[in-house]
Amino acid sequence: MFGSVAFHRVAAIIAATLVLGPDGRAQASWDVASGQAIATHGRFQPIMNRIHCHCAVASSSLVQLRDRVFTMSREPTDWLQWHTPYHDPASPLSRRLAIVQQQLKWALPPLLERPLRVISICAGQGNDVLGVLQTYPHADRVHARLVELDERNVHTALKQVEALQLRGIEVKCGDAGRLAAYEGIAPADIVLICGVFGNISEADIFRTIDALPQLCGRGASVIWTRTRRAPDITPAIRRYFAEHAFVETAFDAPDEVEFSVGVHHFVGGPQSLQPDHRLFSFVV
Ligand SMILES: C[S@@+](CC[C@H](N)C(=O)[O-])C[C@H]1O[C@@H](n2cnc3c(N)ncnc32)[C@H](O)[C@@H]1O
């Protein structure tokens with residue numbers, strides 16, 4: 001019997017074989033390290049252990065492909081359930097939320113001379129933005145767009161917006177990976193990218209940072225999160241921000257947890273939005 005996990009594993013191996021098929025210019029040997037790890041659980045071990053791919057692709061592509069093979073072998077995440085640890089104030093997720101909310105509070109000006117624009121990319125149930133705006137004295141002058149794909153989370157966020165009577169808040173059900181989702185709200189003063197960088201490929205993380213000048217007004221704050229679970233790529237992310245017209249204003253990485261929260265200030269020139277451009281696709 002092929003269960004869905006077994007199906008995904010076989011699909012992953014086929015995909016790996018297609019992408020890494022020998023091209024006669026063998027420069028890198030990949031003995032399907034990830035395949036061996038997968039094979040230890042399944043009936044396909046003998047087949048997978050025989051697969052050896054020789055190819056001329058760069059090692060970074062191999063790492064991405066390995067990640068994709070692992071990802072394809074996982075069950076999809078239930079993004080409604082994912083929010084459950086927020087009910088426990090001591091959970092790492094709640095602790096992360098508290099730091100994000102604090103950073104958002106600091107990013108909100110004490111006096112508003114003009115309406116303020118906020119974008120939340122993959123907003124989930126909107127806990128960060130809504131939790132802060134409910135006590136912000138100028139919330140009626142904030143226009144925020146929360147973009148979230150899961151209808152159940154959109155519904156929860158909308159109920160909260162209604163309960164708090166936050167009239168300038170839009171909760172948009174759609175694909176936050178497409179820049180079209182931000183037409184009419186970009187350039188923003190604050191952009192949140194929380195719970196995103198851990199769920200997309202490294203290439204997509206850097207592609208997203210590259211495109212931020214299309215979402216950020218001059219002086220905008222970007223609040224982002226990323227796990228520091230090994231291999232910790234937060235140093236590379238921080239360096240990339242610094243090399244692309246962002247100045248780091250905070251990086252919270254408490255010792256006893258894996259999450260980190262970064263804040264970067266945009267010092268470059270805003271760019272016009274290219275709605276057809278794609279930032280990322282979730283891999284889980
Ligand atoms: C890790 S959760 C983070 C939620 C929220 N930002 C937070 O920190 O509480 C990721 C969220 O992204 C949503 N999501 C996944 N793919 C998406 C996409 N292409 N566009 C918009 N939302 C997406 C999921 O439904 C989920 O709610």
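Just so it is clear, none of the values below were taken in a lab; they were calculated from the coordinates. Predicted model, so just to flag it, every value in this text is computed and none were measured. Glycine also receives a Cβ, built like all others from the backbone with ideal geometry; neighbour counts cover every protein chain displayed.
Listed values, structure above:
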{"item": "Per-pair calculated FRET efficiency, R0 = 51 Å: LEU112 and ARG239 via Cβ, rounded to 0.05", "result": "0.95"}
{"item": "For the range 97-215, size of Cβ-based charge dipole, Lys and Arg +1, Asp and Glu -1, in debye", "result": "300"}
{"item": "DSSP beta bridge pairing in the range 167-279, given as percent antiparallel to the nearest 5", "result": "75"}
{"item": "In Å, descending, principal axis extents of the Cα set of the range 81-266", "result": "42, 37, 31"}
{"item": "Contour minus Cα-Cα distance for PHE251 and LEU80 (0.36 nm per residue)", "result": "58.8 nm"}
{"item": "Over the range 76-150: Kirkwood hydrodynamic radius from C-alpha pairwise inverse distances, Å", "result": "13.5"}
{"item": "Cβ-derived FRET efficiency at R0 35 Å, VAL283 paired with LYS105, nearest 0.05", "result": "0.65"}
{"item": "Per-pair calculated FRET efficiency, R0 = 22 Å: ALA90 and ALA163 via Cβ, rounded to 0.05", "result": "0.30"}
